[in-house]
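The structure under discussion appears below in the form of structure tokens.
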Amino acid sequence: MAYFPPRQTASRPAKAGAAFDALKRDIMLGVLEPGTGLTELDLAAHFQCSQGTVREALLQLQEEGLVLRKGRRGTQVSECTEDEAIEMFRLRQQIEGNGMARVMRAPSRTLIRDLNELFDKMMSAAKAGDELELAAFDRDFHRRVFEDANLPALDPILHRCLVHNHRFKISRSPAARDLEATAGRHRSIIDCIESGDALRATKAMQHHIATIVDLGPEVFPEATQ
């Protein structure tokens, strides 16, 4: 069974889901800065729930790499460094590039429909100015493409890379970013998949990843070719 991001909380207690969503939002937006200590007792009081519920939320955040749990030293918000972001972008290039080649061998009949629906949701979130909701649908989009590669063991790795890349991008974004342009960049991926041209689709995905953030030609030289 494929792992999906815990943005949807129906399978978890409501309070754990609410705590997870609130903490993740504050970490992604930088309200909770790297190194900030998080104690179960304080969070339980804040969210008016048990420490066990908070512990569950923190474990979910740990799975996504957003916090570090260090035993007696407690829990801290993880760092969000350029070096780590670069390696995760490179890893995405490999996972999603190779995955696209597999997808194009036998894409599911619902792939284009699903991607169009997610594209519409991204555009709606962009028009509403909700960057985090846009990022969540963005992750869903990339993971929906990769689902057809039939490599489920790699999905949690891709998800963590997507979360950290979005966190890094948000932290580096100017105060006013063109969210509709960000969402619109995914249109070419859909068009290339729909064309049936595997090489074109693979190159479109690789270029998309390489140009998400301006990290320079020394990181992604193929983006300038």
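Values in this text are rule-based calculations from the coordinates and carry no lab data. Bear in mind the structure is a predicted one, so any value in this text is a computation, not a measurement. Positions of Cβ are backbone-derived with ideal geometry, glycine not excepted, and every protein chain shown enters the neighbour counts.
Computed about its Cα centre, the charge dipole of region 14-77 is approximately 220 debye, with only Lys, Arg, Asp and Glu carrying charge at their Cβ. Take 102-109, 134-141, 187-194 and order them by the average number of nearby Cβ atoms within 10 Å per residue, most first; the result is 134-141, 187-194, 102-109.
Report the far tail of the P(r) of region 82-224, meaning the percent of Cα-Cα pairs longer than 20 Å. For region 82-224, the fraction of Cα-Cα distances above 20 Å is 44 percent.
Taken as entire DSSP H runs, the helices of the chain that both span 20 Å or more between Cα atoms along their own long axis and average 0.0 or more on the Kyte-Doolittle scale are 14-28.
Compute the signed sum of charges (Lys and Arg +1, Asp and Glu -1) over the other residues within less than 14 Å, Cβ to Cβ, of residue 129. Don't skip to the answer; put the middle values down first.
Numbers: positive: 127, 177; negative: 130, 131, 133, 178, 180.
Within the 14 Å Cβ shell, the charges total -3.
For the chain, with a Gaussian network of springs between Cα atoms less than 10 Å apart, report the residue from 60, 93, 48 with the top mean-square fluctuation. In this elastic network of the chain, the residue with the biggest mean-square fluctuation among 60, 93, 48 is 48. Think of the chain as a dipole: +1 on every Lys or Arg Cβ, -1 on every Asp or Glu Cβ, centred on the Cα centre; then among 161, 44, 125, 44 lies furthest on the positive end. Stretching residue 178 away from residue 26 to a fully extended chain increases their span by 52.6 nm, per 0.36 nm per residue minus the current alpha-carbon distance.
Using the crude model of +1 on Lys and Arg Cβ and -1 on Asp and Glu Cβ, and no other charge, please compute the dipole size for region 80-165 relative to its Cα centre, in debye to 20.
Values: 12 positive and 16 negative charges, 95 e Å.
Here the size comes out at about 460 debye.
Each 5 Å bin from zero holds the following percent of Cα-Cα pairs in region 8-127: 2, 9, 14, 15, 15, 15, 14, 9, 5, 2, 0.
Relative to the Cα centre, the charge distribution of the chain, modelled as +1 at Lys and Arg Cβ and -1 at Asp and Glu Cβ, gives a dipole magnitude of about 480 debye. Listed by chain and number, the lysines placed with their C-alpha closer than 25 angstrom to that of residue 15 are 24, 70; residues fewer than eight positions away on the same chain are left out.
Shown in residue order for region 65-73 are the 3J(HN,Hα) couplings computed by the Karplus curve 6.51 cos²θ - 1.76 cosθ + 1.60 at θ = phi - 60°: x, 8, 9, 10, 9, 10, x, 5, 7 Hz (x for Gly and Pro).
Where does the charge balance sit around residue 95 when Lys and Arg score +1, Asp and Glu -1, over other residues with C-beta under 15 Å from its C-beta? Combined, the nearby Lys, Arg, Asp and Glu give +2. In terms of its Cα atoms, region 14-77 spans 27, 24, 19 Å along the principal axes, sorted from long to short.
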